[in-house]
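Chemist: This is the structure I want to talk about, given as structure tokens.
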Amino acid sequence: MEKYSHDIIIVGAGLAGLRAAVAAAEVDSKLDIAVLSKQHPLRSHSVCAQGGTAAVMREKDSYDLHAYDTVKGADFLADQDVAEFFVRQVPKEIVLTEHWGCPWSRNADGRIDQRPFGGHTFPRACFAADMTGFLEMHAIYGKVTSYKNIRFYDEWFATSLIVEDKTAVGLTAIEMKTGEMQAFRAKSIIMATGGHERIYEFTTFSHSTTGDGMAMAYRAGAPLEDMEFVQFHPTGLVPPGVLITEGARGEGGYLLNANGERFMKKYAPEKMELAPRDVISRAEQTEMLEGRGLQGPYGSYIALDLRHLGEEKINERLPLIRDVAIKLGGVDPVKEPIPIRPAAHYSMGGIKANVKTETSIAGLYAAGECSCISVHGANRLGCNSTADCLVFGTVAGEEATKHASSSSLHEVPQQMLAAEENRIHEIISRNGNERVPAIRDEMRQIMDEKVWIYRNGLQLETALKEIRQLKSRFRNVKIEDKGKPFNTGLLETLQLDFMLDLAEVTIACALPRTESRGAHSRTDYPKRDDQNWLKHTLAYCTRDGPRLEYMPVTITKWPPVARTY
């Protein structure tokens, strides 16, 4: 097994990972920085972000207003000190990305334009048409490639973190081209691998985004925080689940039921289609459950109507949405409504990290959607995610650099490397009667049916048993391809292994939370319970499954109040 050594290794090359690389290189141009990704950086899931990045950029807006919107949107589970830090950093990131070449959309006076977004009391979503993440990624990737001390490992699949004495000393990864496992040593490691919503069937997530970093950190001893809180985006295109940006509603789109009614007036009379995502997703689900959804070949759905915006505005502000709707949905939004329904979209939970992105493992940092710094609480506001990646990607890069500058490389224990190599060999050598696609499909069906927008205790208990049965069946999975180069069968098997762990954690965290808060909505416990549940869930990995602990929410200025829109 070959060994590579770097001062800092960043796992994941989306917005958070690339921004961390720039920040680290800016702090110290002499450090040796590596970015490891299972695909080319410009194929990372971050390019799918469409609607915008939230930032205070106008005189009538304020940091307190953005922070309060974030805290209220989070159903008061966000740590308020983190939210206050977060909102003050985002405007700096907008300016930097502009200097690096991000072509932000402009208003008539030449300033960066901003559109309304759900749950925000001010139109603060900076946007680049409806391709914000795509264009942010290209700008930052261009910046990263200007540094000589950053090396990319594209098409490498990380399989495990190496932790010794509660300190991250390295990781193992498979080079896809050769199929060989290699070891990496590092003084600091940053996880920036994205979320885990591919555990669901109907999702906006790219197929490659399977929560690997979350699972590796969890198995290495870092707790996962608030994993029961999964965001469902109100507008997933039917049938593929591809995201239709919230910016479509920010530009004035309507949501209509089978009766042609703008039904949001019943659920959020002030905000209507610009209520937070959890509110709208529940409203849509209720409309469909009560028989007011439209019916099509793929079941019940809701109509997103943009026709009144006109062709010129749609082509200027939402060109990608029109293209996606035509090619993948078979409808032209200039002429007819887009068929949509809620889709699994974002993980508020992730690797527990503090405001400095430090985890419980020394030398391990986490940023972006794989982390839970608790700025989003129980429900994330739209366009706060790309902002999160930029802000905490920066923090992670800076903090990892400080740690690397004062640390030395450790020898990666040979027995740990051998154990991981043996684990992978055992998986590929199995000759059982189970297949990855079958188990993966069953897992996703269970999550869609029993751990969806509306949940109850009986369904969650059943889902937990069924996922554990799938984990048992997984031990008998057979990989047909026994070769090494580009063995996608092996990679999909390892991804399923990660996802089964994360599905189990999601359900295990949801079951004891006997309240409804944000995206976690229990039909058997329909009210928020601040007396018993104003606290974060922590899940630790054990042989018997997740072990749960709890910790308080940090409240600085805004005590919980009724959440109405």
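Chemist: Suppose we filter segment 32-59 for residues that are surrounded by fewer than 22 Cβ atoms within 10 Å (Cβ to Cβ) and closer than 13 Å to residue 120 by Cβ; how many remain?
Modeler: The number of residues fulfilling the criteria is 3.
Chemist: Could you check segment 80-110 and list, in sequence order, the residues that are among the charged types (D, E, K, R) and free of Cβ contacts under 8 Å to residues at least 24 places away in the same chain?
Modeler: Across segment 80-110, the qualifying residues are 92, 98, 106, 109.
Chemist: If a residue has to be open to solvent by 50 Å² or more (accessible area, probe 1.4 Å) and either on the phi > 0 side of the Ramachandran plot or assigned to a helix (DSSP H, G or I) (or both) to count, how many in segment 404-442 make the cut?
Modeler: 14
Chemist: Identify the residue in segment 60-77 that is within 26 Å of residue 95 (Cα to Cα), assigned to a loop (DSSP other than H, G, I, E, B) and of a type outside the set (Lys, Arg) and, among all such residues, is most open to solvent (accessible area, probe 1.4 Å).
Modeler: That would be 62.
Chemist: Could you list, in sequence order, all residues of segment 531-565 that are in contact with a strand residue (DSSP E or B) (Cβ under 6 Å, 6 or more places away or on another chain), of a type in the set (D, E, K, R) and either under 25 Å from residue 65 (Cβ atoms) or exposed (fewer than 14 other Cβ atoms within 10 Å of the Cβ) (or both)?
Modeler: Within segment 531-565, 547, 549 qualify.
Chemist: Identify all residues within segment 443-477 that are farther than 29 Å from residue 283 by Cβ and either assigned to a strand (DSSP E or B) or out of contact with any helix residue (DSSP H, G or I) (no Cβ under 8 Å at 6 or more places or on another chain) (or both); write none if there are none.
Modeler: Scanning segment 443-477 gives 465, 469, 472, 475, 476, 477.
Chemist: When you scan segment 22-52, how many residues do you find that are hydrophobic (A, V, I, L, M, F, W, C), closer than 21 Å to residue 103 by Cα and under 19 Å from the mean Cα position of the chain (by Cα)?
Modeler: 4
Chemist: Among the residues of segment 239-258, what is the count of those that are open to solvent by 10 Å² or more (accessible area, probe 1.4 Å), in a loop (DSSP other than H, G, I, E, B) and either touching a Lys or Arg at 6+ places or on another chain (Cβ under 6 Å) or farther than 20 Å from residue 286 by Cα (or both)?
Modeler: Selection size over segment 239-258: 5.
Chemist: Here are the criteria: (1) within 18 Å of residue 227 (Cα to Cα); (2) open to solvent by 50 Å² or more (accessible area, probe 1.4 Å); (3) of a type outside the set (S, T, N, Q); (4) not in a loop (DSSP other than H, G, I, E, B). Tell me which single one residue 528 does not satisfy.
Modeler: Answer for residue 528: the failing condition is (4).
Chemist: Right, here's the next one. Considering only segment 292-300, I want to know if a residue exists there that is touching a Gly at 6+ places or on another chain (Cβ under 9 Å), open to solvent by 20 Å² or more (accessible area, probe 1.4 Å) and either of a type outside the set (D, E, K, R) or not in a strand (DSSP E or B) (or both).
Modeler: Of the residues in segment 292-300, the ones touching a Gly at 6+ places or on another chain (Cβ under 9 Å) are 293, 299-300.
Those left that are additionally open to solvent by 20 Å² or more (accessible area, probe 1.4 Å): 299-300.
Next, from what is left, pick out any that are either of a type outside the set (D, E, K, R) or not in a strand (DSSP E or B) (or both): 299-300.
Yes, because at least one residue in segment 292-300 is touching a Gly at 6+ places or on another chain (Cβ under 9 Å), open to solvent by 20 Å² or more (accessible area, probe 1.4 Å) and either of a type outside the set (D, E, K, R) or not in a strand (DSSP E or B) (or both).
Chemist: Moving on. Here's a check for you: in segment 384-403, which residue that is among the hydrophobic types (A, V, I, L, M, F, W, C) and open to solvent by less than 10 Å² (accessible area, probe 1.4 Å) is farthest from residue 129 (Cα to Cα)?
Modeler: The qualifying residue farthest from residue 129 (Cα to Cα) is 400.
Chemist: Residue under question is residue 381, and the condition is that it be aliphatic (A, V, I, L, M), in a loop (DSSP other than H, G, I, E, B) and open to solvent by 30 Å² or more (accessible area, probe 1.4 Å); does it hold?
Modeler: Criteria not met by residue 381.
Chemist: Give me the residue from segment 175-190 that is in a strand (DSSP E or B) and open to solvent by 10 Å² or more (accessible area, probe 1.4 Å) and, out of that set, farthest from residue 369 (Cα to Cα).
Modeler: Across segment 175-190, the extreme among qualifying residues is 180.
Chemist: Which residue, of 193, 145, 121, 132, is β-branched (Val, Ile, Thr), open to solvent by 50 Å² or more (accessible area, probe 1.4 Å) and within 21 Å of residue 15 (Cα to Cα)?
Modeler: 145
The values are calculated or read from the model by the stated rules, or taken from the named source; none is laboratory data. The shown structure was predicted, so the numbers you read here are calculated from the model rather than taken from an experiment. Note: ideal-geometry Cβ built from the backbone for every residue, glycine included; neighbour counts use all protein chains shown. We work out accessible area using only protein heavy atoms, side chains counted, and drop any ligands, DNA or RNA first. Shrake-Rupley method; radii C 1.70, N 1.55, O 1.52, S 1.80 Å.
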